[in-house]
């Protein structure tokens, strides 16, 4: 918190009242004679108010107030003149970052573990011939890997159930 004392702005850390010679707060001023925080008790129980903005953001907004159009025009002019950083700034604002795109591949239908080899071969071939990017191929391979784990889990569960039933039948 900033206060104005005798025409000079003084932050709370600069005030010397309730402090010792080294600038530390005096013990007992926080209603705690040991001078420590109490366990489980917040110094600010209500927290930061909703909608409260950072002071640096507020200062920047005050400085730029009414200048946005001029600054934007100048950035575009610099970009058109060949300034690489201005060009990058403008393009980042105009063209959104690339998100995932739908990938159409002729993957064989995958029903069980026997079909997984064909699926991985199709993904690999598509990456090699440039139909999909290596990153897209890696993402698709992860999908296949998740499917493999699901098949293994269901297969393990089925075999365990069969063993338990066979064991119960012998008893």
Inspect the stretch 76-99 for any residue being outside the structural domain of residue 141 (by TED's automatic domain parsing), exposed (fewer than 11 other Cβ atoms within 10 Å of the Cβ) and closer than 30 Å to residue 151 by Cβ and give the result as yes or no.
yes
Condition check for residue 23: over 30 Å from residue 123 (Cα atoms), modelled with pLDDT under 80 and surrounded by 11 or more Cβ atoms within 10 Å (Cβ to Cβ):
no
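The values are calculated or read from the model by the stated rules, or taken from the named source; none is laboratory data. No experiment lies behind these values; they were computed from the predicted model shown. Note that we place each Cβ from the backbone using ideal geometry, even for glycine, and neighbour counts take in every protein chain shown.
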